[in-house]
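Colleague: Would you mind keeping the following structure in view while I ask a few things?
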Amino acid sequence: MKDSSKSTNFELVYKDKSIRQDGDFICLTDLWAASGKPSGKRDPSHWKLESGQDFIDSVAKNLNIRSATIYKTTRGRYGASWGHWQIALAYAKYLSPEL
């Protein structure tokens, strides 16, 4: 992830579920799970493929960095999708206006 020395970490909790963060990155998979995996809403990896990539590219362009540095996916049993906080806000809005 990015150097978290510039960011202040604080605990994110929604509906008694903890949302992991790492510096400027927020776990999109945790957001999806905390929102109850709403029907009709895609998990982060499918959201990215269907509609999120354009937004990710736009954020990357505004930050003057590659999109691969602001959205990451880890694989395996504890795999997750991680996004820059701006991406996390957009994904949360997609999931529910309450988030």
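Colleague: As an exercise, take the mean of 1/r over every pair of distinct alpha carbons in the range 4-95, invert it, and state the Kirkwood radius in angstroms.
Modeller: 13.4
Colleague: For a paramagnetic label modelled at 7 Å from the Cα of Ser58 toward its Cβ, which residues of the range 68-99 fall within the zone defined by backbone nitrogen distances under 16 Å?
Modeller: Once the point is set 7 Å along Cα→Cβ of Ser58, 84-95 turn out to lie under 16 Å by backbone N, inside the range 68-99.
Colleague: While we're looking at this one, here's another question. When DSSP beta bridges are limited to those with both residues in the chain, what percentage is antiparallel, rounded to the nearest 5?
Modeller: In the chain, DSSP labels about 100 percent of beta bridges as antiparallel.
Colleague: Something else about it: Given the DSSP H assignment, sum -39500 (n - 2.57) over each helix run of at least 4 residues in the chain and divide by its residue total; what's the result at 222 nm in deg cm²/dmol, nearest 500?
Modeller: Mean residue ellipticity at 222 nm (helix-derived): -9000 deg cm²/dmol.
Colleague: If you don't mind, another one. Across the range 84-91, in residue order, what do the Karplus-derived ³J(HN,Hα) couplings come to in whole Hz, using 6.51 cos²θ - 1.76 cosθ + 1.60 with θ = phi - 60° and x for Gly and Pro?
Modeller: Using θ = phi - 60°, the values come out as 3, 4, 5, 5, 4, 5, 5, 5 Hz.
Colleague: I would also like to ask the following. Please report how many Lys pairs in the chain have alpha carbons closer than 22 angstrom, counting only residues at least 8 apart along the chain or sitting on separate chains.
Modeller: Lysine pair count for the chain: 23.
Coordinate-derived values only; no laboratory data. Because the structure is a prediction, the values reported are computed rather than measured. Neighbour counts are summed over all protein chains in view; Cβ atoms, including those assigned to glycine, are modelled from backbone coordinates with ideal geometry.
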